[in-house]
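Values quoted throughout were computed directly from the atomic coordinates according to the rules given, and no laboratory measurement underlies them. Computed from a predicted model, the values in this text were never measured in an experiment. Using ideal geometry, Cβ is built from the backbone for each residue, glycine included, and neighbour counts are taken over all protein chains shown.
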Amino acid sequence: MNDQAVIEIFRHFAHAHRCSVDAILTTPELRQEYLAEARGVLGAHSEHDLLHKLVTLRKRSKLPRSRELS
């Protein structure tokens, strides 16, 4: 799974929904919508794999912060 693709998916999704990674992880509606968008771009990856990659990128400070999404 390409890191840059996941970063761009997150950037687009977070900007459109004004949300954070935590919101995606903890809000079932946002999580399902994020997974659908990610699968549309990346293919049929498991929920675990897609969310694990998102968390890994956040921990490595690779994802834009909310103030950078405006």
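Size of the dipole of the range 3-60 about the Cα centre, Lys and Arg at +1 and Asp and Glu at -1 on the beta carbon, nothing else charged, in debye to 20?
Computed about the Cα centre, the dipole is about 220 debye.
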Say the dipole of the chain comes from +1 at the beta carbon of Lys and Arg and -1 at that of Asp and Glu; which of 56, 9, 25 then lies farthest toward its positive end? 56
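So how much slack lies between residue 11 and residue 32, counting 0.36 nm per residue of separation and subtracting their Cα-Cα distance, in nm? If you can, show how the numbers build up before the last one.
Working: separation 21, 0.36 × 21 = 7.56 nm, distance 1.64 nm.
This chain segment gains 5.9 nm when fully extended.
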Per the helix-only model, the chain has a calculated mean residue ellipticity at 222 nm (DSSP H runs of ≥4, -39500 (n - 2.57) each, divided over all residues, rounded to the nearest 500) of -22000 deg cm²/dmol
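Please compute the length gained on full extension between residue 49 and residue 61, using 0.36 nm multiplied by the number of residues separating them and subtracting their Cα-Cα distance. Write down the numbers at each step before the final one.
Numbers: separation 12, 0.36 × 12 = 4.32 nm, distance 1.83 nm.
Value of the extension gain: 2.5 nm.
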Ratio for the chain, C-alpha Rg to 2.2 N^0.38 Å, reads 0.97
